[in-house]
Amino acid sequence: MEQFQLSGLDIGIMVSYAILIIGYGLYHAKRKNSEDYFLAGRGMAWPIVGIALFSANISSSTLIGLAGDAYKTNIHVYNYEWFAVVVLIFFSIFFLPFYLRSGVYTMPEFLERRYDRRSRYYFSFITIVGNVMVDTAAGLYVGSIVLKLLFPALPSWQIILLLAIAAAAYTIPGGLNSVIQTEVVQAILLVIGSILLTYYAFQEFGGGWSDMMAALTEKIQAGGVASVEEAKALGHYAPSNAREAFSLVRPSNDEFMPWYGLVTGVPLLGFYFWANNQFMVQRVLGARDLNHGRWGALFAGLLKLPVIFIMVVPGTLALLIFSDLDISGLNYITGDGTPCQDLSQCANLTYPVLLMQLLPSGVLGLVVAGLLAAMMSSVSATFNSASTLITMDFVRNIRPTLTSQQLVRAGQIATVVLVVLAAAWVPFIEKVSDSLWQYLQLVISYTAPPAVATFILGLFWKRASATGSIVSLLFGFFFAIFMLILKVYVNGLPEGAEPAGWISALTNIHFLLMAFIMWILCLAVHVIVSLQTPPPSEEQVNDYTWESKIFRDETQELKGLPWYQNYRVLAVLLLIVTAIIVGYFW
């Protein structure tokens, strides 16, 4: 396979789109005051909230990661997608009312209201680091992969810097409203592009679902799928036919998502991402009222369900179409300096290869523009959320006399700094993991458990104290550092050397199970310390702790709404649709 070539039409479409989307973002800029800049004036309707949530989540990094992991492991990665529906419903019922009623700008600010400033500063710092290392850097990494394949003569650092500047071009002056308005356009284009890619992929072997399943079974049984052969050689689970390959539930020896990971780590990571992560929750904080916030969250859950057909399945189709494709001509070098010979070595290239090999001229330019648009969407979103954290959690507290306009300027300066830091971290991603999706989940699995423990206990246990919160958070932080040091130590051992038995036992625990173990430990530490320290004040308990009376009062309020405006009815309908889809692939 030779280097990719774009036609003049494709390049023209990509350049035109980039100019138009930056202009559109600047047109929708809101920066009169800090509420306008950081929360879009708290005036977003539910369709905008839902699409913005979906677009920020199904970013370019997720799209590349879904396709790459589907190529290596079939459809198990979809478990993260459908479980988001369950998490968003839980979030809408219990957490969102407290977030909106409190009028906070950030999730750390909410922790200060429930606990104290120590928890706020810690969680804000961890979230900012996560935004740089996970969300922003991963988005830039994806953009650099695509553009490096298209323009191999350009050095990687120039590509990364160009992408970061393009994303910041409307984020810095425009704030959250610019980010969200462009996200809506980009989400529509991304879905259209994914549908087109899926259509052309199916055309390669007959165009039907049954044809695809038969072809995949034949290839698996013939031993023509590299990832299956590798799994068998390592004693891991490997499917024997297409139906098993398309099953969401895997045995305990599955390398990527054993069944116990589905019931332990997946809910935990999903809860952190959708209910505690500033990057996502900030969109709902901009809703015009509680109903629009809830409807928007449920709408985002509905949009997640078709992802299996238009974003996960194409990666599996690449097994049928390109498993034997020689990609050495792309001259793509992995993080450890190894040239890629086929997709089994560089699964992150799965989606770009599908694009370049299957799509006709014109359509290719549109879809690549959509992919880069998704990258700009996710990067600009993380720029804005991280700058919000820096400004509202640190700058405003250090300099309380700053005016609203000065806070906006501080947020803009913070965004510039984040652009530089994220761009500098991008080259290290492949050194951590050869799978982008695994990289994303691995980092979150070490940062999520302490935060989730603190938020859940804070909302549902009145005795949870401020000291219990900060001790639990710090315990989780040092435990994560300890585990990462062990992993680095084991990976750095000479070939053939064996670590001590207890080190091997700890480092071999699947990351999804390890996340759950960390969560249980953090819960225990929080409870024990809380019981040994003074209880929280009445104000903290009454204003920020859930009780059954809230549910009963809400029931009376919902009686006056038609069924299609009652979020509980909508949540049940959404669960039914989810159960049907998950049941088919179970």
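What follows draws every value from the coordinates through simple rules; no lab data is involved. Values in this document were obtained by computation on a predicted structure and should not be read as measured data. Please note: Cβ atoms are built from the backbone with ideal geometry, for glycine as well, and neighbour counts cover all protein chains shown.
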For q = 0.22 Å⁻¹, Debye-computed log10 I/I(0) when each Cα of the stretch 520-586 counts as one equal scatterer:
-0.94
For a test of the definition: using alpha carbon positions, the gyration tensor, and the 1.5 limit on a/c, classify the stretch 263-309 as rounded, prolate or oblate.
oblate
Phi angles of the stretch 102-110, converted by Karplus (6.51 cos²θ - 1.76 cosθ + 1.60, θ = phi - 60°) into ³J(HN,Hα) in whole Hz with x for Gly and Pro, give 6, x, 6, 8, 9, 5, x, 4, 5
Least to most buried among S465, S210, by other C-beta atoms within 10 Å and fewest first, runs S210, S465
The stretch 523-560 and the stretch 73-123 have their Cα centres apart by a whole-number Å value of 16
Relative to the compact-globule scaling 2.2 N^0.38 Å, provide the ratio for the alpha-carbon radius of gyration of the stretch 467-513.
1.41
Would you mind computing, in nm to one decimal, how far apart the modelled labels at V129 and I503 are, each placed 7 Å from Cα along Cα→Cβ?
2.3
Placed amide H near M44: partners under 5 Å, 5+ positions off or other chain:
A287, R288
If you plug each phi of the stretch 267-283 into the Karplus form 6.51 cos²θ - 1.76 cosθ + 1.60 with θ = phi - 60°, what whole-Hz ³J(HN,Hα) values come out, in order, with x for Gly and Pro?
x, 5, 5, x, 5, 4, 5, 8, 10, 10, 7, 3, 3, 8, 5, 4, 5
Could you run the Karplus curve 6.51 cos²θ - 1.76 cosθ + 1.60 with θ = phi - 60° over the stretch 44-54 and give me ³J(HN,Hα) per residue in whole Hz, x for Gly and Pro?
7, 7, 4, x, 5, 4, x, 5, 5, 4, 4
The extension gain from N291 to V572, computed as 0.36 nm times the residue separation minus the Cα-Cα distance, is 99.6 nm
